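Here is the structure we will look at.
The values are calculated or read from the model by the stated rules, or taken from the named source; none is laboratory data. Everything quoted here is computed from the prediction, not taken from an experiment. FYI the Cβ positions are ideal-geometry reconstructions off the backbone, even for glycines, and counts take in every protein chain you see. The area values use the complete protein model at the heavy-atom level, side chains included, leaving out ligands, DNA and RNA. Shrake-Rupley method; radii C 1.70, N 1.55, O 1.52, S 1.80 Å.
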Amino acid sequence: MTFSSEVLDEGMKPNNSPQRLLIRKILVLLGPLVAVPLLFFGPEYRCLFSIIFLSTYWIGEAFPIGVTSFFPLALYPILQIVPSKQISPVYFKDSIVLFMCTLIMAMAVEATGLHRRIALKLLTKVGAKQPVMLLGFMCITSLISFFVSDTACTALMCPTAVALLMSMADAVQHLKEGDKKQKPPPDDATVAEKLRLDEMAPQDSGFCKAMILACAHASLIGGTAIITSTGPNLVFRENINKRYPEGQVTMTYLQWMVFAIPPMFFYLIASYLILVCYFMGPSTLVRWFEKPTKEEAHLKKAVEKNIQSMYEDLGDISWGEKSVFTFFVILIGSWISRDPGFTSGWGDLLPHKNYLSDSVSGVLISCLLFVWPKDPFDPIDPTAPILKWTDMKSKFSWSCTLLIGAGYAISEGVDKSGLSQLISCGMRKIFIGMSSIPLQLTVTTTIVIMTEFASNVSTGSIFIPIALGVAESMGVHPLYLALPTTVACSFAFMLPISTPPNAIVYDTKVISMVEMIVCGFLLNIACIIITSLNMNTWTYFIFSLNNFPENISISSSNSSYPVC
């Protein structure tokens, strides 16, 4: 249950053979060739070709992720999908600025060692039993995601998970070799190299993978619980308020929590079971209830003692750690209080609160980190800041930022080319005439597939109005289709391009593309089933979805889905 002392044989190390590289080159060539016929049709089909092209390169890892992310800047103008002047600004949208700010904050946490202190403190409380630690970490991450964006949550919790895993690995190493020190990894080493995954037993390396991927899963799942937590939820609220101004259909802050929190726990349990079974084996769940052997108990006790010793060796909390923690609390507080949703926020103090977004406070705090002293009592250089610009050049994940920009570029192309309207009209033709439960399952599954290739906000912006309109036209309660459509936008678990949390954990190089796709696919299926059960049991009776709301008038001006 703790990190074992076994080491993988040389033959079990990752295989980067010439055959594997040859397969990647073949993928580069054949992927676009298969989709070439799409180029001879309209812009929506040329956009579909671009998506296939980019997906093939990303999955096959033919180029570095950041390099592949530049392709929309060339493909869209050449294929006459989106002009160059329109697609370029997408790579520096407000949400990307917010993402950069969260990465800078995470760098500051790492620079001061605060993440290591938090990780060791957490380890001293929960012990070194892997399944318990994983579940506890996922619950904490989901709770944080209630109040901050899933991107910010993942960017802050991922370094904490890495520090926690490294602390455990160091404790086991100390137990095995005493005070003998290994050569430290270079500064530019990936997280996988720092953890020395290739030297771990399969059970331990699987636990590391599960912990890292859990950061993304738990952040995305936690974001479904509060109506202000994530973009699609806000899009849903905006559509409800705009479409039903007389209150025929309502959704308050508390009503959303009643709907979303119960299934959130089941989403979290499903993710936990999938991660444990896939990376650590189903037998891990059985061994959780078994009494440990004397050897396992001795190893667990020794590791916990070593972890406690390592925490005590950190000494008193430093000025830099206190400063970063304070900035972190201020930043989270500003995000929560700017526009809480159930009361007025500090954004209402300004004449035009729509000028503000979460990136504003993020930029201010990020700038302070480059001037705030790391240790003003240092006799050598008391003015040395917490972060330096050299850190941005050497440690900042530019490839991850470009990857997210490419995801937004794809969304822009889907919208501008007419591909979104083509999909929307096809959905309406399929939906008309279906009974309620198959209709709901079809809608949820379609949204889950779409949100893997487009941002969750753009997916929600396109499909939430369609779901409301289709429900009205079929005499079904609008919430019956709109609620699963909204939460399904957050089920982007499969690809790094699907959502920033996935990109963050993939950038650690701990998780492979195939591992992310398989776990994400299984979790998508589980979430679709859980959502359907929730909508047809708990939510169905709480919101009286069997009764169609009165006084709903459908007119062409109120119908916001495209005319087919």
Please list 3J(HN,Hα) in residue order for the stretch 474-479, calculated via the Karplus relation 6.51 cos²θ - 1.76 cosθ + 1.60 where θ = phi - 60°; whole Hz, with x for glycine and proline.
9, x, 9, 4, x, 5
Taking the Cα centre as origin and putting +1 on Lys and Arg beta-carbons and -1 on Asp and Glu beta-carbons, what dipole magnitude results for the stretch 188-262, to the nearest 20 debye?
400 debye
In whole percent, the fraction of accessible protein surface over the stretch 84-156 that belongs to carbon or sulfur atoms, probe radius 1.4 Å, stands at 67 percent
Suppose the chain between Leu254 and Phe541 were pulled fully straight at 0.36 nm per residue; how much longer would it get relative to their current alpha carbon spacing?
101.7 nm
Could you run the Karplus curve 6.51 cos²θ - 1.76 cosθ + 1.60 with θ = phi - 60° over the stretch 407-418 and give me ³J(HN,Hα) per residue in whole Hz, x for Gly and Pro?
x, 5, 5, 4, 4, 4, x, 4, 6, 6, 6, x
I'd like the Karplus ³J(HN,Hα) series for the stretch 314-324: coefficients 6.51, -1.76, 1.60, θ = phi - 60°, whole numbers in Hz, and an x wherever there's a Gly or Pro.
5, x, 5, 5, 7, 4, x, 5, 4, 5, 5
So if we plug the beta-carbon distance of Lys322 and Thr390 into 1/(1 + (r/R0)^6) with R0 = 25 Å, what FRET efficiency do we get, rounded to 0.05?
0.55
